[in-house]
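Structure first, commentary second.
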Amino acid sequence: MKQYNSLSETLQNLTTLGYRLADDQMAEFPEESLQSDDWRLDSVEQVLQEQGKTLVIAVSSARRHLKLVFVEILSSVSDFSPITLLRRLFPMQNRAQYQLSPVSTY
């Protein structure tokens, strides 16, 4: 995880690389249209600010042709859960599709 002193510097660097703020993109699309099974975590950067730490998470999807940046302001460690972000990006698998069968151990 990289550490930067300025949120604006971090966002400027990612914008130069083709990333866009996720909040802007989320407003344009229904949540399901952002879900894909090929999202890749490109970077996680921590920015120290007066109000606390901020995580800047960059992800990309070749299938969706998107590069998104999530900005999560943390006032405490429990404020942000990566699981919440993962649920927004990856489709939930229907558990009924999976069938368990016993495995012999001969």
Can you tell me which residues in the stretch 8-25 are open to solvent by less than 40 Å² (accessible area, probe 1.4 Å), closer than 15 Å to Glu72 by Cα and modelled with pLDDT under 90? Ala22
Kindly indicate the residue of the stretch 45-63 that is assigned to a loop (DSSP other than H, G, I, E, B) and modelled with pLDDT under 90 and also least open to solvent (accessible area, probe 1.4 Å) among those meeting that condition. Gln51
Before we move on, is Asp42 in a strand (DSSP E or B), of a type in the set (D, E, K, R) and either loosely packed, with under 13 Cβ neighbours inside 10 Å or modelled with pLDDT of 90 or more (or both)? yes
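The values are calculated or read from the model by the stated rules, or taken from the named source; none is laboratory data. Quantities reported herein were computed from a predicted structural model and do not represent experimental measurements. Every residue, glycine among them, receives a Cβ derived from its backbone with ideal geometry; neighbour counts consider all protein chains shown. Heavy atoms of the whole protein, side chains included, go into the accessibility calculation; ligands, DNA and RNA do not. Shrake-Rupley method; radii C 1.70, N 1.55, O 1.52, S 1.80 Å.
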